[in-house]
Amino acid sequence: LKVLHEEFGIAHAFMNSVQSLNTNMVERTDYRQYHSTANSIVPIPSPAIRGVQMVLPELKSVFDGITTEVPCVGGYVELTAELHSSVTTRVVKDAFCRYADGPLNSFLEYCSAPMVSNNVIHNPHSAVFDECATKVIDGRFIQILCWFDSEYIHSLRIIDLLKYVHNL
């Protein structure tokens, strides 16, 4: 989201975070959430939306999404967005490659090989950009996938936060 926002501007965006089940992430208020996610696909409100809106408040009115819990390990974020700038698939891929090699190299990895969820188990990056899944329609409407190992990266980011606080 940061790469797209900084490089091209986001007019509107919707995120679907497809990830392994986690029964403690959100308060279960929807009938669907009471079903066993061990053998069901369950769409729930995304707890990540508020966090993104806090970090990027300028996107609050144009960004939303859901989480889809699935019975597997690993996961991905599917981001669909309308951009302010017109782009090509190559331009989007190049931007993510630059950020992965530059300012976000500790958090973003660029992958040009086809991926599945098992490929990211214990990967320390918060997001692994999937070059093969990048789509652009009519220059301004895009879809990207970024893979992650949710539990593992949450643990690593907490360690990062503790190190940061310790060094204050």
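The values are calculated or read from the model by the stated rules, or taken from the named source; none is laboratory data. Just so it is clear, the structure is predicted and the values come from calculations on it, not from any experiment. Cβ coordinates were reconstructed from backbone atoms using ideal geometry, including for glycine residues, and neighbour counts include every protein chain displayed. With ligands, DNA and RNA removed, areas are computed over all heavy atoms of the protein, side chains included. Shrake-Rupley method; radii C 1.70, N 1.55, O 1.52, S 1.80 Å.
Equivalent ellipsoid of the chain: semi-axes from √(5λ) of the C-alpha gyration tensor, largest first, are 25, 20, 17 Å. Ordering LEU4, HIS166, ILE137 by Cα displacement along the dipole of the chain toward the positive end leaves HIS166 in first place; charges were set at the Cβ atoms of Lys, Arg (+1) and Asp, Glu (-1).
Computed extension length for THR134-ALA113: 6.3 nm, one decimal, from 0.36 nm per residue of separation with the Cα-Cα distance subtracted. Mean-square fluctuations from a GNM of the chain, with a 10 angstrom spring cutoff on Cα atoms, peak among ASN105, ASN118, ASN39 at ASN39. The count of lysine pairs in the chain whose Cα atoms are under 20 Å apart, excluding pairs fewer than 8 places apart on the same chain, comes to 4. Highest GNM mean-square fluctuation among ALA113, ALA13, ALA48, for the chain modelled with Cα contacts below 10 Å: ALA113.
If you plug the beta carbon distance of HIS84 and HIS166 into 1/(1 + (r/R0)^6) with R0 = 35 Å, you get a FRET efficiency near 0.30.
Estimated from helices alone, the mean residue ellipticity of the chain at 222 nm is -8000 deg cm²/dmol (sum of -39500 (n - 2.57) over DSSP H runs with n ≥ 4, per residue). Distance between the pseudo-spin-label points of CYS97 and VAL62 (7 Å out from Cα toward the beta carbon): 2.7 nm. Charging the Cβ of each Asp and Glu at -1 and of each Lys and Arg at +1, and nothing else, the dipole of the stretch 111-168 about its Cα centre rounds to 140 debye. Excluding ALA13 itself, what net charge comes from residues whose Cβ is under 9 Å from its Cβ, given Lys and Arg +1 and Asp and Glu -1? For residues surrounding ALA13, the net value is -2.
If I stretch the segment between PHE14 and HIS122 completely, what's the gain in nm (0.36 nm per residue apart, minus their alpha carbon distance), one decimal? Gain on extension, PHE14 to HIS122, equals 36.2 nm. Surface listing: ASP64, ASP138, ASP101, ASP160 arranged by accessible area from highest to lowest gives ASP138, ASP101, ASP64, ASP160, probe 1.4 Å.
Taken about its Cα centre, the chain carries a charge dipole of about 120 debye when Lys and Arg each add +1 at the Cβ and Asp and Glu each add -1 at the Cβ. For the chain, with the dipole built from +1 on Lys and Arg beta-carbon atoms and -1 on Asp and Glu ones, taken about the Cα centre, which of CYS97, ALA13, ILE49 lies farthest toward the positive end? Result: ILE49, furthest along the dipole toward the positive end. Surface calculation, 1.4 Å probe, protein heavy atoms: LEU161 sits at approximately 100 Å² accessible. If you take the beta carbon distance between SER40 and HIS154 as r and set R0 to 25 Å, what does 1/(1 + (r/R0)^6) give as a FRET efficiency, to the nearest 0.05? Working from the Cβ atoms, E equals 0.65.
A Gaussian network model of the chain, with springs between Cα atoms under 10 Å, assigns the largest mean-square fluctuation among SER150, SER17, SER86 to SER86.
The order of ARG98, ARG157, ARG50, ARG140 by accessible area, most exposed first and with a 1.4 Å probe, is ARG50, ARG98, ARG140, ARG157. Ranking of TYR110, TYR99, TYR152 by solvent-accessible surface, largest first: TYR152, TYR110, TYR99 (1.4 Å probe, protein heavy atoms only, all chains present).
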